[in-house]
Amino acid sequence: LRDAVGVDIEDKGATLAVHYRHAPHPADARAHIIAALAPLGSSLRLLGGHFVVNVLPPGAGDKGTAFAALWDRLGADVALFVGDDLTDEPAFELARWRPLIGAYVGVNARSSAGTYLRNQREVDLLLERLVELRLGHSKGRTRRRPR
């Protein structure tokens, strides 16, 4: 894939993300990526996403498994998960069994997220508001943001 135009490989440690958003012909780039990965063996898990092929080793979990483990380790009563890709769906599905607020960034009628945020700016506003509420709560009062 070294010479593939518009293809970038992101090393995530235990996994790889092969991005092809900038490829002149995304469908051809995706096919080239899949073909290049084939010699590595059928035990690899390939997960698609928005112009990305995620490469996972055999037995690797998903974002839902990882998020649940983190949640348990922290002992949280409720959690917020924000995501914008197909690989985020296993985490959103935790809401079936746990008190989770799942928010998909963008509009995806097929998402398991309970709500959506239109764009990154709305994610930023949500996080700012949560910080304000937390700070106000820790001081015994709730502060309102001026409009």
- line: With the first residue restricted to the stretch 87-114 and required to be under 14 Å from Gly49 (Cβ atoms) and of a type in the set (D, E, K, R), and the second required to be open to solvent by 70 Å² or more (accessible area, probe 1.4 Å) and part of a loop (DSSP other than H, G, I, E, B), Cβ contacts under 9 Å at 6 or more apart or on different chains are Glu89/Arg110
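Yes/no per residue for (1) on the phi > 0 side of the Ramachandran plot; (2) polar (S, T, N, Q); (3) surrounded by fewer than 15 Cβ atoms within 10 Å (Cβ to Cβ):
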residue	(1), (2), (3)
Arg30	no, no, no
Ala36	no, no, no
Ser43	no, yes, yes
Leu47	no, no, no
His50	no, no, yes
Pro58	no, no, yes
Lys63	no, no, no
Ala79	no, no, no
message: Checking the conditions here, which among Leu40, Leu44, Leu125, Leu130 is touching a residue at least 40 places away in the same chain (Cβ under 8 Å) and over 16 Å from the mean Cα position of the chain (by Cα)?
response: Leu130
message: Any residue that is open to solvent by 80 Å² or more (accessible area, probe 1.4 Å) and either under 28 Å from Val7 (Cβ atoms) or part of a loop (DSSP other than H, G, I, E, B) (or both) - is there at least one of those in the stretch 116-131?
response: yes
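The values are calculated or read from the model by the stated rules, or taken from the named source; none is laboratory data. Remember, it's a predicted structure, so these values are computed and weren't measured experimentally. Cβ: placed from backbone, ideal geometry, glycine included. Neighbour counts: every protein chain shown. Calculation scope for accessible area: heavy atoms of the full protein, side chains included, ligands and nucleic acids excluded. Shrake-Rupley method; radii C 1.70, N 1.55, O 1.52, S 1.80 Å.
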